[in-house]
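Structure, as structure tokens:
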Amino acid sequence: MAKKKSDGMHVAFVRDGLSVDDTFIALLEYVRSNGSIAMAAKKMGVSYSFAHSSIRNMEEAMGTRLVQESGEYAAAGSQLTPMGESLIADYCAIRDGIASEGDAFLSRYLGRAARRV
């Protein structure tokens, strides 16, 4: 899961007021594991309307669906689309690469194994 947030590091890719970051990725992962935007919102401590609009705004900007809702209402069930799964995988790979490079950078300048704080 993307919730494996590195200590002292927050990666965010921001464009036109939209942000793909650990929080947005966690929202998608909660949708994946709970099968519901409503449950994902509850787990994250945000309102359903905030979670739903965050996903919809990103989908609109990307021009593709990240979450497919079942039934007439979003609360009926949701699952990630292949693009939603791909977004999570790509973000995590980039974030983990940045963390690794950050460790190497700190080790080089601190002269010992780095510990992110």
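The values are calculated or read from the model by the stated rules, or taken from the named source; none is laboratory data. Keep in mind it's a predicted model, so treat the numbers as computed, not measured. Glycine also receives a Cβ, built like all others from the backbone with ideal geometry; neighbour counts cover every protein chain displayed.
Cβ-Cβ distances below 9 Å connect the following pairs, each with a first residue in the range 7-34 that is more than 17 Å from Met83 (Cβ to Cβ) and charged (D, E, K, R), a second residue that is at pLDDT 95 or above and surrounded by 16 or more Cβ atoms within 10 Å (Cβ to Cβ), and a separation of six or more residues or different chains: Asp21/Tyr91; Asp22/Tyr91. Inspect all residues belonging to the range 59-80 and state whether any of them is modelled with pLDDT under 95, surrounded by 12 or more Cβ atoms within 10 Å (Cβ to Cβ) and part of a loop (DSSP other than H, G, I, E, B). Yes - at least one qualifying residue is present in the range 59-80. Here Asn57 fulfils each of the conditions (1) in contact with a strand residue (DSSP E or B) (Cβ under 8 Å, 6 or more places away or on another chain); (2) under 30 Å from Leu106 (Cβ atoms) apart from (2). Can you find even one residue in the range 43-50 that is closer than 19 Å to Met83 by Cβ, assigned to a helix (DSSP H, G or I) and either at pLDDT 95 or above or of a type in the set (Asp, Glu) (or both)? Taking every residue of the range 43-50 in turn, none turns out to be closer than 19 Å to Met83 by Cβ, assigned to a helix (DSSP H, G or I) and either at pLDDT 95 or above or of a type in the set (Asp, Glu) (or both).
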